[in-house]
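One structure below.
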Amino acid sequence: MEFGGLYSCRNCLNPLALGDDLVSKNFKAKSGQAYMFIHAMNVVLGPKYDKHLLTGLHTIADIHCSKCGEAVGWKYIQAFDLKQRYKEGKFVLETLKMIEQY
């Protein structure tokens with residue numbers, strides 16, 4: 001899938017992800033819609049913890065913008081349900097925390 005563009009931190013315009021790395025626009029976060037990416041850049045990973053999400057128990061780590069420190073989403077570290085394992089290692093960015101640039 002190729003979507004093009006660049007997704008940047010809404011707060012400081014630090015680039016966070018490439019549109020070409022976008023996997024899905026069908027994710028939900030506390031703030032609303034979120035997108036899943038294969039890779040993210042210019043982010044700092046927080047500590048790992050287990051959390052019950054809509055699709056079950058996962059080990060995740062919050063991700064923050066490396067420039068301004070804004071919490072922008074999370075990274076899937078481990079999925080306990082075999083059907084959810086495709087998420088492992090991928091990043092979810094909240095749409096309210098980023099802007100799309102071309």
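Expressed in nm to one decimal, what extension gain is obtained for the pair Phe80 and Asn11 from 0.36 nm per residue of sequence separation less their Cα-Cα distance?
Extending this stretch completely gives an extra 21.5 nm.
Taking amide H atoms as placed 1.01 Å from N in the peptide plane, list the residues 5 or more away in sequence, or in a different chain, whose amide H sits under 5 Å from that of Ala17.
Tyr7, Met41
Please enumerate, by chain and number, the lysines with C-alpha under 19 Å from the C-alpha of Lys90, excluding those fewer than 8 residues away in the same chain.
Straight-line reach from Lys90, under 19 Å: Lys25, Lys28, Lys30, Lys48, Lys51, Lys75.
Rounded to the nearest 20 debye, what is the charge dipole size of the chain about its Cα centre when +1 sits on each Lys and Arg Cβ and -1 on each Asp and Glu Cβ?
Rounded to the nearest 20 debye, it is 260 debye.
Using DSSP to call loops (not H, G, I, E or B), can you name the trypsin sites (Lys or Arg not before Pro) in region 27-102 whose Cβ has at most 10 other Cβ atoms within 10 angstrom?
Filter output for region 27-102: Lys30.
Taking only C-alpha pairs under 8 Å that are 6+ residues apart, what is the relative contact order of the chain in percent?
29 percent
As I understand it, the dipole of region 1-93 uses +1 on the Cβ of Lys and Arg and -1 on the Cβ of Asp and Glu, about the Cα centre. Which of Thr55, Asn11, Val44 lies farthest toward its positive end?
So the residue furthest toward the plus end is Thr55.
Can you tell me the length gained on complete extension of the stretch Glu100 to Ser24, counting 0.36 nm per residue apart and subtracting the Cα distance?
Answer, rounded to one decimal: 25.9 nm.
Every number here is computed from the coordinates shown, using simple stated rules; none is lab data. Just so it is clear, the model here is predicted, and its values are computed rather than measured. No Cβ is skipped: glycine too gets one built from the backbone with ideal geometry, and neighbour counts run over all protein chains shown.
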